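A short worksheet on the structure shown next.
Please treat every number below as a calculation from the coordinates, not as lab data. Because the structure is a prediction, the values reported are computed rather than measured. All Cβ positions, glycine included, derive from the backbone under ideal geometry; neighbour counts span all protein chains shown.
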Amino acid sequence: MSAGHDNWYHERESAWLYARVAAHEPDPRKRELFLSLARAAERQAKRWEEASGKPAPVFKPTLRARIVARLLAITGPSGIRPALAAMKLRGLSIYDAAPMPRAGAPFPGHAMPTSVDEIGLRHKRLSGGNLRASVFGVNDGLVSNASLILGVAGAGASSDILITTGIAGLLAGALSMAAGEYVSVRSQREMYEYQIALERDELAEYPEEEAEELALIYAARGMEMSRARELAQEMISNPELALEALSREELGLNPHELGSPWGAALSSFASFAAGAALPVLPFLTGLGSAQALFASVLVSAAGLYAVGMAISLFTGRNAWFGGLRMLAIGVAAGLTAHLIGRALGVAIA
């Protein structure tokens, strides 16, 4: 299949999906945005057809596109935004905003730029995503390694075996988490880079169409159309600024923060290892086997309670309740592992 045919097919499928998004979008301004994007995609497809010099084949949407269209009918566009983004549809950043206001009311929610200098400012705030991931990483390491140690202890293992088991569990879990996070973020980054590269090519070839799409997005989110077009034209005059604005507003991406695979892997390794180390530490103090196991249970329980309180920062729930809930979950996991280990130890003996 030629590159020209691929481009033609992509634009035709995009137009087909935009039309279906519009059909299930109750807000008239948002609906008009997607209808305009559908018409723009149809025009792009026509250009690719004319450039090839051959009649285009009969268009048939892929199975993936048909499934997305079915989901649209069930959930509406905002309900399957990730799936629409994966289909490389644009204009989805309008769902970052609150519902459209009544005439004359101030536009709520997503802060609209009023000048070129304001583009990207709202994306430069410190995100709590990394902190949240670290807290959950500590929790994963703590629960899994404490349960592992309690399970082996239930089978009657000595302190030396428990130390070996705890360190092995720490390394195995942390390395597995790091590898999975690296692959995940690497794949996500490659997809984002590909989408931005496509945007750069289209901006170079069809700057006026891209400016109109950007203006339509701003208008759909509450800006006067004349001002939206003026701002979009000002952005398009600077290719780098235009690419950044289009990436943010059409693709919902920050080109400067696509994620670091190595950073994610190291962060995941460190957070998991930190949690997994807690139940191992008492065994390294020279205590007897029973005393070390008891101290490990206490340290793990305190860690679980602290993690539960920290998680409440992201859930908005009461911190004390969050700590007790996490402690109860950890106790249930550890007790189950200990009983299973004990049963296996009796059976093997």
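Scalar couplings 3J(HN,Hα) for the range 142-154, obtained by applying the Karplus form with A = 6.51, B = -1.76, C = 1.60 to θ = phi - 60°, are 5, 5, 5, 6, 5, 5, 4, 5, 5, x, 5, 4, x Hz; x denotes Gly and Pro.
For the range 169-200, the list of GluC sites (Glu not before Pro) that fall in a loop by DSSP and count at most 11 other C-beta atoms within 10 angstrom is empty. Each peptide in 164-170, 78-84, 241-247 was scored by the mean count of other Cβ atoms within 10 Å over its residues; highest first, the order is 241-247, 164-170, 78-84. Note on the range 194-246: Kirkwood radius taken over Cα pairs, Stokes-Einstein applied at 37 °C and 0.692 mPa s, translational D equal to 302 µm² s⁻¹. Note that the range 142-291 shows a convex hull volume over its alpha carbon atoms of 136 Å³ per residue. In plain terms, if you count all Cα to Cα distances in the range 19-65 and split them into 5 Å steps from zero, the share in each step is 5, 19, 19, 21, 17, 12, 6, 2 percent.
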